[in-house]
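Reading through the structure tokens given below for one structure.
The values are calculated or read from the model by the stated rules, or taken from the named source; none is laboratory data. Please read these numbers as outputs of a predicted model, since none were measured by experiment. With ideal geometry, Cβ positions are generated from the backbone for all residues, glycine too; neighbour counts draw on all protein chains shown. Heads up: the accessible areas ignore ligands, DNA and RNA and are worked out on the full protein's heavy atoms, side chains in. Shrake-Rupley method; radii C 1.70, N 1.55, O 1.52, S 1.80 Å.
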Amino acid sequence: MSDPHACSLRWRLVSRLVTLQAAMLTLFIAVIFAALWATGYLVGLEPEDAVIDTLAAAAVQGPDGGLELRETPALKSLRAERPDLWFTIRDKAGHELQEGPVPPEFARAGKALDDIGQARLGWTLDEPPRAAARLKKVRTPAGSLQIMTGPGGSVPLGRIAWAAFILGISVILPALALMTLSTLVATPIVVRRSLASLSATAAEAQRIDADDRGARLSLDDVPDEVVPLVTAVNDALGRLDEGYERRQRFLMDAAHELRTPIAILNTRLEGLPDGPDKSRLLEDLARLSLLAEQLLDLQRLDRSGPFVPVDLVPLARRTVADLAPLAISAGFDLSFETEGESIAVAGEPFSLERALYNLVQNAIEHAGGGAIVVRVERGGVMEVADDGGGVPAEFRQRIFEPFQRLRPRARGAGLGLHLVGEIVRAHHGSVCVIDGPEGGARFRITLPLFAAPGAAVPARA
């Protein structure tokens with residue numbers, strides 16, 4: 001399973017910022033650590049401390065109460081490594097032990113510093129280089145001793161590792177924790193505010209519909225880093241619009257070009273002797289003519305004008321009157337019902353009349369006889385119900401797709417119900433097919449009502 005935070009810009013920034021902060025903080029502390037150590041100001045890691053520890057382990061009290069040094073292996077090794085080694089050792093009783101070339105300025109300094117626990121004695125940066133010393137009071141088998149020595153010795157790796165560990169625990173980890181917490185809190189806020197304009201861009205993209213050609217995403221308040229992406233999307237939308245326009249022009253031109261040979265064929269077929277072959281050819285030619293007209297209807301729908309108030313009652317009554325002769329000759333009883341004398345919706349009159357016309361024609365072709373009822377209801381609803389065999393549930397969505405036929409050998413071209421669905425969708429409405437009250441199929445179109453007088457007419461989808 002993939003990490004849900006893997007593609008999150010917020011978590012990517014947090015993880016990378018924390019990693020960068022940790023690396024920079026560690027590097028900064030390491031540089032400071034090295035600088036203090038090199039200059040001798042890093043308390044606890046002075047190289048003289050190793051010398052002092054070796055001398056403290058070797059110091060003992062002599063028989064006369066004075067101070068002596070045992071020849072320990074560490075002291076022997078120290079003397080071999082540092083031929084210029086010098087030091088002074090004093091106890092509380094004033095006994096003093098010196099060895100090596102003690103600088104004159106430090107030879108009598110120990111007595112004056114009896115009450116000092118530790119100190120570094122040296123020179124300032126604006127003075128010529130001089131000798132430096134390290135003084136420290138330590139506890140030894142010979143008692144509390146003051147040891148002073150010059151530069152020398154080496155710091156054990158263990159002590160360096162321990163000092164680095166203490167530094168990490170006491171400085172690096174708390175600082176890193178504070179920086180991580182501030183990053184976790186600040187980064188989401190910064191990302192959210194920086195990308196707030198993208199929410200508006202995303203909302204614009206969600207409102208773009210297949211019929212909303214020419215729409216482009218706004219570049220207002222879009223971060224500079226995201227402008228190339230939004231521009232690329234706008235360019236893609238432009239190319240889609242151009243391709244759609246070319247396809248629409250081709251379909252319209254093809255439908256127009258089909259009308260001329262269809263008319264010529266119809267004229268020539270009419271001149272043939274009557275017979276079954278002529279009837280079949282005329283029927284096939286009628287299907288081809290219907291297909292061309294429906295293709296033109298689809299293109300006209302795409303280029304129809306703005307919406308106007310359309311009264312569904314006279315529109316439906318007129319459609320029923322026009323189709324009554326066709327229904328009666330096919331053995332149907334076509335009737336009209338309404339819940340009011342005026343039910344207005346916003347739309348394009350020719351398209352809505354064409355949608356209702358196709359539904360009634362579909363009922364005449366597929367119901368097989370009986371009654372067909374066209375009904376207009378309040379709420380912008382038009383229904384066409386028949387007494388036929390109905391539409392199986394698994395086909396009720398597919399029949400609105402192009403070239404879908406419930407019966408493969410049906411006479412229609414397969415675009416009538418698709419055209420109904422496109423018209424209703426362009427009017428921001430819905431169309432569905434359900435069971436009739438006494439069996440059969442009932443097609444229901446629901447359209448938005450026209451706004452109150454004085455309000456603006458909604459624009460076409």
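Report whether or not residue 199 is loosely packed, with under 11 Cβ neighbours inside 10 Å and at pLDDT 70 or above.
yes
Can you name every residue in region 370-384 that is open to solvent by 20 Å² or more (accessible area, probe 1.4 Å) and not basic (Lys, Arg)? Working first, answer last.
First, pick out the residues of region 370-384 that are open to solvent by 20 Å² or more (accessible area, probe 1.4 Å): 370-371, 373, 375, 377-379.
Within region 370-384, 370, 371, 373, 377, 379 qualify.
Does region 84-92 include one or more residues that are farther than 14 Å from residue 141 by Cβ and loosely packed, with under 15 Cβ neighbours inside 10 Å?
For region 84-92, residues farther than 14 Å from residue 141 by Cβ and loosely packed, with under 15 Cβ neighbours inside 10 Å: present.
Looking at the structure I just gave you, is residue 324 out of contact with any helix residue (DSSP H, G or I) (no Cβ under 6 Å at 6 or more places or on another chain), free of Cβ contacts under 8 Å to residues at least 12 places away in the same chain and open to solvent by less than 40 Å² (accessible area, probe 1.4 Å)?
Yes: the conditions hold for residue 324.
Residues in region 239-254: is at least one more than 23 Å from residue 423 (Cα to Cα) and modelled with pLDDT of 75 or more?
Initial filter on region 239-254 (more than 23 Å from residue 423 (Cα to Cα)): 239.
So of that shortlist, the ones also modelled with pLDDT of 75 or more come out as 239.
For region 239-254, residues more than 23 Å from residue 423 (Cα to Cα) and modelled with pLDDT of 75 or more: present.
Is there any pair with a first residue in region 128-148 that is under 14 Å from residue 67 (Cα atoms) and at pLDDT 85 or above and a second that is in a strand (DSSP E or B) and hydroxyl-bearing (Ser, Thr, Tyr) whose Cβ atoms are under 9 Å apart and which are 6 or more apart or on different chains, and what are they?
Every condition considered, the pairs that remain are 146/88; 147/88; 147/140.
Scan 66, 40, 44, 94 and give me the residue that is at pLDDT 75 or above, small (Gly, Ala, Ser) and on the phi > 0 side of the Ramachandran plot. Spell out how you get there, then give the answer.
On the way: 66 fails: on the phi > 0 side of the Ramachandran plot; 40 fails: at pLDDT 75 or above; 44 fails: at pLDDT 75 or above.
Just one listed residue meets the conditions, 94.
Which residue pairs have Cβ atoms closer than 8 Å, lie 6 or more positions apart in sequence or on different chains, and pair a first residue in region 422-451 that is under 13 Å from residue 355 (Cβ atoms) and open to solvent by less than 40 Å² (accessible area, probe 1.4 Å) with a second residue that is hydrophobic (A, V, I, L, M, F, W, C) and at pLDDT below 85?
Cβ pairs passing all conditions: 423/301; 426/301; 426/461; 427/307; 427/461; 431/400.
Please give the number of the condition residue 357 fails out of (1) within 17 Å of residue 326 (Cα to Cα); (2) open to solvent by 50 Å² or more (accessible area, probe 1.4 Å); (3) under 44 Å from the mean Cα position of the chain (by Cα); (4) of a type outside the set (Asp, Glu).
(3)
So which residues in region 361-384 are within 20 Å of residue 325 (Cβ to Cβ) and modelled with pLDDT of 80 or more?
361, 362, 363, 364, 365, 366, 370, 371, 372, 373, 374, 384
Considering only residues that are out of contact with any Asp or Glu (no Cβ under 6 Å at 6 or more places or on another chain), small (Gly, Ala, Ser) and within 19 Å of residue 138 (Cα to Cα), which ones fall in region 49-83?
Across region 49-83, the qualifying residues are 50, 56, 57, 58, 59, 65, 66, 74.
Can you run down the residue pairs with Cβ atoms below 7 Å, 6 or more apart or on separate chains, where the first is in region 378-396 and free of Cβ contacts under 8 Å to residues at least 12 places away in the same chain and the partner is of a type outside the set (Val, Ile, Thr) and surrounded by 14 or more Cβ atoms within 10 Å (Cβ to Cβ)?
395/406
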